Amino acid sequence: MTDSKLTSQGAPSGFNWKPLVTNQSTILVAVILLLAGVFSAGSYGSFWDVSVFNNILTDWGLIVLLAVGQTFVVISGGIDLSVGSTVSLSGVVAGVVMVNWMHLDLNVKNEAAIGPLLIALLVCIATGVAVGLLNAFLVNVVGIVPFIATLATLGGGAGLAIIWSGGMPLQGPNFYGLVNPIKIGEISLSPISFAVLVVAVVVTIAGLFLAKARFGLYTYAIGSNSFAAKAAGINVKRHLTWVYVVSGALSGIAGMYAYTRLGSGSPSSGAGLELQAIAAVVIGGTSLMGGSGKMLGTILGAFLLYEVQSGLLMVGMDPNWKQVIVAIMIAGAVGIQGFSFGQRRK
Amino acid sequence: MTGELIYEVKNVSKRYGSVVALDGASLKLHAGEVIGLVGDNGAGKSTLVKVLSGAHKPDGGQIFLDGVERSWESPRDALESGVETLYQDSGLAPHLTVSENVFLGREKYKKGILGWFGFLAKKTMEAEAQEDLEKVGIAFPSANRPVSQLSGGQRQAVAIGRAVSWARKVIILDEPTNHLGARQAGEVLQIIRAAKAKGLGVIFISHTLPHVLEVTDRIVVLRLGRIVKDSPTKDYNNDTLLGTITGTIQTIKVEGD
Ligand SMILES: Nc1ncnc2c1ncn2[C@@H]1O[C@H](COP(=O)(O)OP(=O)(O)OP(=O)(O)O)[C@@H](O)[C@H]1O
Ligand SMILES: [Mg+2]
């Protein structure tokens, strides 16, 4: 016992600095603050302009919803590429239901739109769950690796979104107040909107289930060693089904989020978002090998991603570089992970 | 000395593609009995373990627990029936802590509504895991450390501790003395004796023949997926056991082919 105590303590005396420096979240917060300083210096003060910040937060919310589901999938040892096209597809399906079936148009507004929008939310979640079940079927039953299975549903979902929408956004009932900053009397609570609050609640619940509940434990266990998980009596396939269904359902909620912002179900609303969601997850320190990662990391990763993109736009970068920046950040994050993994293995 | 028949497999076979890993193996295990399962690398020992533990479904043959024919759909079925297994290498999840591994699949939950949602009683499990491992006594790494940070021997101690503390009927140990020093290996033999004294049936797999000869009641020898000898331990000595394993001593069954 004394042996293990000695080795676990490491340094013989003094302040134990190791956990602070190796803690990924600490590093992320430091980088975020540093960049915020850089962007707000040099008279780019507009970075902190409330309306700009609100936009960032609203954009960020959409990615966070996807990244939360993606965190579970990646920790379980898989990946879900279908999240972006599920955003488009679920928004379009909601549009089809409200516009073509219920014959409601964009003149159904504000409080009057709440009923239809709630139905739309359920439709979006159902669409996302269906995609999740299909992913799980392809992975568990057909036995396709997650990367290819969800690549297939990404393509299929994007195609269906275009077919069912006719290639054009379906404009329907809308309530922009849900995505605008909340006002109490004359005081604006910017950047907090109803939509951002919903995201905050989802993130908190998901984070607690990941860190403290059986659902999270099984997700880590399967990603860490799926044979050990099965040998311990866990129904691995059933759990993975839940993981893909959660990711699909959150993508559906994100689809509703996008619909609410645009006031329409657009077949391109989720294009490319899978890249952003995966970037947020890996920048947040979750290993693509499965078995490790934290929800807080994902949230900070998503924030950093948006800070960099918005900051660079603000200093005059061509918006077309956005994708390239995201790609570089993914490569950088995975590279750093590989490096520190290699260190640990020694 | 040994009690009634608790676990039995008849004529089980298992193929991996074209490799015949098990070819009609039969085995009987009684309460309070320790069986040694030996054989060269690739003889099929771990495959038989996985069939016994429910991790692999055999291609053919029957499994009986307490005289009732069973068909394990998953390891869960076997675990719930009191059959506990230590797998050769891959039984632990390295990213999880010691206590999470010990309790994996059998977690304790918080009281009330949180528990209903699956929230875990982490502190309780850590304390109990620590106790279990101290009882096992091989090496007790602290219960809240990730398994990936443990030494090979400490990991083995965790795997043994888990198997021993949950077993109610049968305990299957696939090379439990791997990675262990001489003193710790001796403690594993002590643990096996204690399990036997409690009336459990034990299947002990090892390449260290003196250990097998020391602690078992019967020794079953596997060669190329077949059981070539199954006799009381007193019928073997180190040389005849080695000869039977390698095939330099011909056994009746093999000659009969
Ligand atoms: N998952 C698998 N896929 C394919 N072949 C396998 C698999 N597991 C085992 N085998 C093969 O089955 C045969 C028996 O392997 P097994 O692991 O049961 O041997 P063993 O007696 O436990 O050997 P060792 O002493 O080395 O642990 C070997 O030829 C092995 O290559
Ligand atoms: Mg083996």
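The values are calculated or read from the model by the stated rules, or taken from the named source; none is laboratory data. Only a predicted model underlies this, so the values are computations on that prediction, with no experimental measurement involved. As a convention, Cβ positions derive from the backbone with ideal geometry for all residues, glycine included, and neighbour counts pool all protein chains shown. Ligands, DNA and RNA are excluded from the accessible area calculation, which covers all protein heavy atoms including side chains. Shrake-Rupley method; radii C 1.70, N 1.55, O 1.52, S 1.80 Å.
What to note about this one:
- Residue in the range B:7-18 that is of a type in the set (A, V, I, L, M), in a strand (DSSP E or B) and either touching a Ser or Thr at 6+ places or on another chain (Cβ under 8 Å) or within 16 Å of ligand 1 (Cβ to nearest atom) (or both) present: yes
- Condition check for A:Gly270: assigned to a loop (DSSP other than H, G, I, E, B) and either of a type in the set (Lys, Arg) or more than 10 Å from chain B (Cβ to nearest Cβ) (or both): yes
- Qualifying residue in the range A:299-315 (condition: closer than 21 Å to A:Leu217 by Cα and surrounded by 22 or more Cβ atoms within 10 Å (Cβ to Cβ)): yes
- Selected residue [within 14 Å of another protein chain (Cβ to nearest Cβ), in contact with a helix residue (DSSP H, G or I) (Cβ under 9 Å, 6 or more places away or on another chain), surrounded by fewer than 22 Cβ atoms within 10 Å (Cβ to Cβ) and within 23 Å of A:Trp60 (Cβ to Cβ)] from A:Ala200, A:Ala211: A:Ala211
- Of all residues in the range B:73-111, those satisfying the criterion of being more than 9 Å from every other protein chain (Cβ to nearest Cβ) and either touching a strand residue (DSSP E or B) at 6+ places or on another chain (Cβ under 6 Å) or open to solvent by 10 Å² or more (accessible area, probe 1.4 Å) (or both) are B:Glu73, B:Ser81, B:Val83, B:Glu84, B:Leu86, B:Gln88, B:Asp89, B:Thr97, B:Lys108, B:Lys111.
- Filter result for the condition that a residue is more than 18 Å from B:Glu73 (Cβ to Cβ) and more than 9 Å from chain B (Cβ to nearest Cβ), over A:Gly223, A:Gly252: A:Gly252
- Only listed residue being in a loop (DSSP other than H, G, I, E, B), more than 14 Å from chain A (Cβ to nearest Cβ) and within 14 Å of ligand 2 (Cβ to nearest atom), chosen from B:Ala55, B:Ala21, B:Ala43: B:Ala43
- Residue pairs meeting the criteria (Cβ under 7 Å; at least 6 apart or on separate chains; first assigned to a helix (DSSP H, G or I), in the range A:296-307; second open to solvent by 10 Å² or more (accessible area, probe 1.4 Å) and among the hydroxyl-bearing types (Ser, Thr, Tyr)): A:Leu296/A:Ser25; A:Gly297/A:Ser25; A:Leu300/A:Ser25
- Residue match in the range A:65-82 (condition: more than 14 Å from A:Val246 (Cα to Cα), assigned to a helix (DSSP H, G or I) and of a type outside the set (D, E, K, R)): no
- Residue check for B:Pro176: within 24 Å of B:Glu8 (Cα to Cα), of a type outside the set (A, V, I, L, M, F, W, C) and free of Cβ contacts under 8 Å to residues at least 24 places away in the same chain: no
- Residues (open to solvent by 80 Å² or more (accessible area, probe 1.4 Å) and facing chain A (nearest Cβ under 9 Å)) located in the range B:115-124: B:Phe117, B:Lys122
- Boolean, A:Ser193 is hydroxyl-bearing (Ser, Thr, Tyr) and either more than 14 Å from chain B (Cβ to nearest Cβ) or free of Cβ contacts under 8 Å to residues at least 60 places away in the same chain (or both): yes
- Within the range A:235-246, the set of residues being open to solvent by 10 Å² or more (accessible area, probe 1.4 Å) and either of a type in the set (Phe, Trp, Tyr) or without any contact (Cβ under 8 Å) to a residue 40 or more places away in the chain (or both) comprises A:Asn235, A:Val236, A:Arg238, A:Trp242.
- Single residue of the range A:155-177 satisfying the filter (open to solvent by 40 Å² or more (accessible area, probe 1.4 Å) and of a type outside the set (Gly, Ala, Ser)) that is nearest to A:Val93 (Cα to Cα): A:Trp164
- Taking the range A:101-116 as the range and being open to solvent by 10 Å² or more (accessible area, probe 1.4 Å) and in contact (Cβ under 8 Å) with a residue 60 or more places away in the chain as the test, the residues that pass are A:Leu104, A:Asp105, A:Leu106, A:Val108, A:Lys109, A:Asn110, A:Glu111, A:Ala112, A:Ile114.
- The range A:320-346, subset exposed (fewer than 13 other Cβ atoms within 10 Å of the Cβ) and modelled with pLDDT of 80 or more, residue farthest from A:Gln276 (Cα to Cα): A:Gly335
- Filter pass, B:Gly67 being more than 16 Å from ligand 1 (Cβ to nearest atom), more than 14 Å from chain A (Cβ to nearest Cβ) and at pLDDT below 95: yes
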